[in-house]
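J.: The structure that follows is given in the form of structure tokens.
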Amino acid sequence: MGRAWIRAIDRADDAELVGLVDLDPRAVEAALAARGPSVASGTDAVALARAEGADGIVDVTVPVAHLPVNLAALDAGYPVLCEKPVTPTVRDALILVAASETTGRLLMVSQSRRYYAALDELRRRAADLGGAELLSTEFLKAPHFGGFREEMDHPLLVDMAIHSFDVARAVLDRVPLTVDCRSFNPSWSWFRGDAAAEALFEFEGGARFQYFGSWVAPGLETSWNGSWRAGTARGTVTWDGESAVEVQEGDGPVERLDVVPAPHESIEGSLAEFLAAVRSGASPSGEIHANVWTLAMVEAAVRSAETRTTVDIPALIDDARDQALATDIRDDLRTVLASWSSPHERLLRTAVRA
Ligand SMILES: NC(=O)c1ccc[n+]([C@@H]2O[C@H](COP(=O)([O-])OP(=O)(O)OC[C@H]3O[C@@H](n4cnc5c(N)ncnc54)[C@H](O)[C@@H]3O)[C@@H](O)[C@H]2O)c1
């Protein structure tokens, strides 16, 4: 994924790659060889950023490394754009919320599947029809990755569904309250853990989001974005996850749109929003306070699947703060975390919500 970010930065008019870091120097060498022109490299992001006069750091390390890498970057005064998931747990994500508050530096999480012109069209049309209250998606693919995904307990929910859950937040623009999730592994699955899941989320104001996904669904596969249906009081909008958006108000004519892609979609869209936020001081949609809600949806879905119960998402966030306080963290971060009378409300007050 680091190479995809190199290409995205190279394609941006208003950003320049000044250094490349990896614990494994062979990974850097291979990435630079693929790029052509060389840049400075090393194994420590902050040291290299200082040496090269960088203005920000993009963290594309593995999820377990995001906490230490982001902490060091924020402490050194750099704004950070971090790949999803921001951390493996909500507990660790809240430590990064505290770090962002103590340093006053931006930590934005790249949720790249928000950035599609066709998704913007679905959001706009659903809003025109009164706002989506019934949202559903199907995600059906059959990839053979090999490696760690085929050994995880919940490969679909943890590694992939985070994208769909985040898009649901973007469309509904409300707070997720509860989830009922069941995961399972079809008899023909080539994954060790559950490669399929269904989940029903309740959002504030009674809105519902229904997710159905499988990573072992050969034939008639959906787009990597899934296929979407948004129901409103006056009509329905669908998106095939590519360029096709359909709109019908009541039983009127069906409007079929072939939406032209935006100049910067996917991670290029994340990068553009990050750069604009760094320059303007505005809070981007993936700002860490807001993004914790997406991560909490994943953790809550996994807990619901494992316990076969309804899981309360704000309560999960509040518990995660207590778990963070029980870890061995720095005094300045502990003081910030302990000062929140209601952690989940803290995330609402400071956050851009979608
Ligand atoms: N948005 C998407 O569609 C998408 C797709 C794939 C991966 N990702 C995300 O991108 C991130 C990276 O995934 P990947 O598949 O490229 O993983 P990877 O294992 O292929 O690469 C990660 C690299 O990070 C390096 N690394 C680990 N710890 C480090 C540290 N402390 N400092 C510096 N380098 C370190 C490793 O040596 C490795 O080269 C993950 O968070 C993953 O979830 C996102």
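J.: Going residue by residue through the range 321-331, is there one that turns out to be under 15 Å from Glu101 (Cβ atoms), touching a strand residue (DSSP E or B) at 6+ places or on another chain (Cβ under 6 Å) and modelled with pLDDT of 95 or more?
T.: The answer is no; no qualifying residue exists.
J.: Based on this model, can you work out whether Glu150 counts as more than 16 Å from the chain's Cα centre (by Cα), assigned to a helix (DSSP H, G or I) and within 16 Å of the ligand (Cβ to nearest atom)?
T.: When the stated conditions are applied, Glu150 passes them.
J.: Among the residues in the range 106-122, are any near the ligand (Cβ under 10 Å from one of its atoms) and over 26 Å from Leu17 (Cα atoms)?
T.: no
J.: Another question about this same structure. Being closer than 26 Å to Glu198 by Cβ, touching a helix residue (DSSP H, G or I) at 6+ places or on another chain (Cβ under 9 Å), among the aliphatic types (A, V, I, L, M) and not in a loop (DSSP other than H, G, I, E, B) is true for just one of Val97, Val158, Val69, Val86. Which residue is that?
T.: Matching residue, one of Val97, Val158, Val69, Val86: Val158.
J.: Is the range 252-267 home to any residue that is in contact with a His (Cβ under 7 Å, 6 or more places away or on another chain) and assigned to a helix (DSSP H, G or I)?
T.: There is no residue in the range 252-267 that is in contact with a His (Cβ under 7 Å, 6 or more places away or on another chain) and assigned to a helix (DSSP H, G or I).
J.: Answer yes or no as to whether Thr102 is among the polar types (S, T, N, Q), touching a residue at least 12 places away in the same chain (Cβ under 8 Å) and not assigned by TED's automatic domain parsing to the domain that holds Asn185.
T.: The answer is yes for Thr102.
J.: Further question: Give the range 54-66 a look and list any residue that's within 29 Å of Arg91 (Cα to Cα) and either more than 7 Å from the ligand (Cβ to nearest atom) or in a helix (DSSP H, G or I) (or both), or say none.
T.: Matches in the range 54-66: Asp55, Gly56, Ile57, Val58, Asp59, Pro63, Val64, Ala65, His66.
J.: Here's a follow-up. Please find, among Ala33, Ala45, Ala51, the residue that is within 28 Å of Leu333 (Cβ to Cβ), away from the ligand (no atom under 13 Å from the Cβ) and out of contact with any Leu (no Cβ under 9 Å at 6 or more places or on another chain).
T.: After applying the criteria, what remains is Ala51.
J.: Go through (1) within 25 Å of Val58 (Cβ to Cβ); (2) buried (at least 16 other Cβ atoms within 10 Å of the Cβ) one by one and return the number of the condition Ala282 breaks.
T.: Ala282 satisfies all of (1) within 25 Å of Val58 (Cβ to Cβ); (2) buried (at least 16 other Cβ atoms within 10 Å of the Cβ) except (2).
The values are calculated or read from the model by the stated rules, or taken from the named source; none is laboratory data. Source: prediction; values computed, not measured. Note that each Cβ is placed from the backbone with ideal geometry, even for glycine, and that neighbours are counted across all protein chains shown.
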